[in-house]
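Structure first, commentary second.
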Amino acid sequence: MITGILRDLARPFVDCSLSLPRLGVYAEIIFLVDTGADATYLHPADGWDIGIPFDLLQGRVTSSGIGGSATYFPEPAILLFADHAARLRYGYRINVNVARPGDVSDRIPSLLGRDVIRRWQMDYDPTNSRLAFTVRDADFTMAAG
């Protein structure tokens, strides 16, 4: 089981090891779990923190949401989530949509979307400060080390 954390206003967050091999970026990141997001998005504040070389982004796409439209750059990624109790890591090979500074607000957290969370069962219980995910499917599983 993957456990998350509930922050202010019981917003659900989950830790992730993120790899963007083409860009040479390997980092830990905290995603806001967003059941309304079709895809996973890496926003500028986190991009700066983990050293994204924004000048190397390519393949512009437009994404529309409740806040309007924004430009992103899809980047092949590997996301790893830890199940500490089982001593496993679950891996997902997806494209993460990366936003450059100025393309979206620097105040928006990075979002973990349905491209990953549709493969989990979520137990979200803010009354008991509980956020947990049971993995139903992953691209690969490995021992935590």
Segment 1-100: relative contact order from alpha carbon pairs under 8 Å, six or more residues apart, as a whole percent, is 29
Bridge orientation stat for the chain from DSSP, antiparallel percent rounded to 5, came to 90
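Among 95-105, 121-131, what's the highest-first ranking by average C-beta atoms within 10 angstrom per residue?
Details: 95-105: 18.8, 121-131: 12.4.
Averaged packing, sorted descending, gives the order 95-105, 121-131.
Per-residue counts of other Cβ atoms within 10 Å, averaged by peptide: what ranking do you get for 135-143, 33-41, 110-118, highest first? Don't jump to the answer; show the numbers that get you there.
On the way: 135-143: 12.1, 33-41: 18.1, 110-118: 20.0.
Most protected by this proxy first, the peptides run 110-118, 33-41, 135-143.
Grab the beta carbon distance between residue 38 and residue 84, set R0 = 22 Å, and tell me the FRET efficiency rounded to 0.05.
Working: r = 29 Å, r/R0 = 1.31.
Efficiency at R0 = 22 Å is approximately 0.15.
With a 1.4 Å probe and all protein chains left in place, how much accessible area per residue does the chain have, in Å²? Working shown, then result.
Values: 7730 Å² over 145 residues.
Dividing the accessible area of the chain by its residue count gives 53 Å².
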Quote the convex hull volume per residue of segment 1-131, based on C-alpha atoms, as a whole number of Å³. 108
Spatial separation of Cα centroids for segment 1-32 and segment 90-145, in angstrom: 7
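Got a number for carbon plus sulfur as a percent of segment 25-95's accessible area, 1.4 Å probe? If you can, show how the numbers build up before the last one.
Numbers: 1900 of 3700 Å².
Accessible surface attributable to carbon and sulfur in segment 25-95 totals 52 percent.
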Under a crude label model (7 Å from the Cα following the beta-carbon direction), how far is residue 103 from residue 130 in nanometres? 3.9
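Can you give the Rg to Rh ratio for segment 57-116, taking only C-alpha atoms and Rh from Kirkwood? Please list the in-between numbers first.
Working: Rg = 14.0 Å, Rh = 13.3 Å.
Rg/Rh for segment 57-116 comes to 1.05.
The values are calculated or read from the model by the stated rules, or taken from the named source; none is laboratory data. In this text the structure is predicted, and so the values were computed from the model without any measurement. With ideal geometry, Cβ positions are generated from the backbone for all residues, glycine too; neighbour counts draw on all protein chains shown. These area figures cover heavy atoms from the full protein model, side chains too; ligands, DNA and RNA do not enter into them. Shrake-Rupley method; radii C 1.70, N 1.55, O 1.52, S 1.80 Å.
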